[in-house]
Amino acid sequence: MAINTDLELYDEVKIKHPKKYKVFLLNDDYTSMDFVIDILMSIFHRTYAQAEQIMLDIHKKERGLCGVYTHEIAETKVMQVRKKAKDNGFPLRAIMEEE
Ligand code: TYC
């Protein structure tokens, strides 16, 4: 019995957490600041104040962290940014990187 419990415990300890991915927005010269703020609020669920701060960070430092997600969700966010930017005629891009 004791050996069983130990094995179960060992298996539990071995469980790996799914990898997480950082999603960044990239700066460019053409996308409007208001549109970036809208993207951060609608896709990344930021408040207006947070979105404005992240947008200004990107504007100054070339890229900014929008959120950290599982692979599938990060990929979806990147695609949603691409589609919404394209539909609105902006070149805004998002990328993901393993954490
Ligand atoms: N640099 C853009 C401008 O001056 C604003 C901008 C901010 C664009 C963040 C993209 O991810 C971005 N209109």
Give region 35-77 a look and list any residue that's among the aliphatic types (A, V, I, L, M) and within 13 Å of the ligand (Cβ to nearest atom), or say none. V36, I37, I39, L40, I43, A51, I54, M55, L56, I58, L65
Output for region 62-83, where each listed residue is in a helix (DSSP H, G or I), within 20 Å of K19 (Cβ to Cβ) and not polar (S, T, N, Q): H71, E72, I73, A74, E75, K77, V78, M79
Of all residues in region 84-99, which are within 14 Å of the ligand (Cβ to nearest atom), open to solvent by 50 Å² or more (accessible area, probe 1.4 Å) and in a helix (DSSP H, G or I)? K84
Just to be sure, is A49 among the small types (G, A, S) and modelled with pLDDT of 95 or more? yes
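Examine region 22-32 for a residue that is within 14 Å of the ligand (Cβ to nearest atom), open to solvent by 80 Å² or more (accessible area, probe 1.4 Å) and not in a helix (DSSP H, G or I), and state whether such a residue exists.
Yes: region 22-32 contains one or more residues that are within 14 Å of the ligand (Cβ to nearest atom), open to solvent by 80 Å² or more (accessible area, probe 1.4 Å) and not in a helix (DSSP H, G or I).
The values are calculated or read from the model by the stated rules, or taken from the named source; none is laboratory data. This one's a predicted model, so the numbers in the text were calculated from it and none came from an experiment. Quick reminder, even Gly has a Cβ in these numbers, built from the backbone with ideal geometry, and neighbours come from all protein chains shown. With ligands, DNA and RNA removed, areas are computed over all heavy atoms of the protein, side chains included. Shrake-Rupley method; radii C 1.70, N 1.55, O 1.52, S 1.80 Å.
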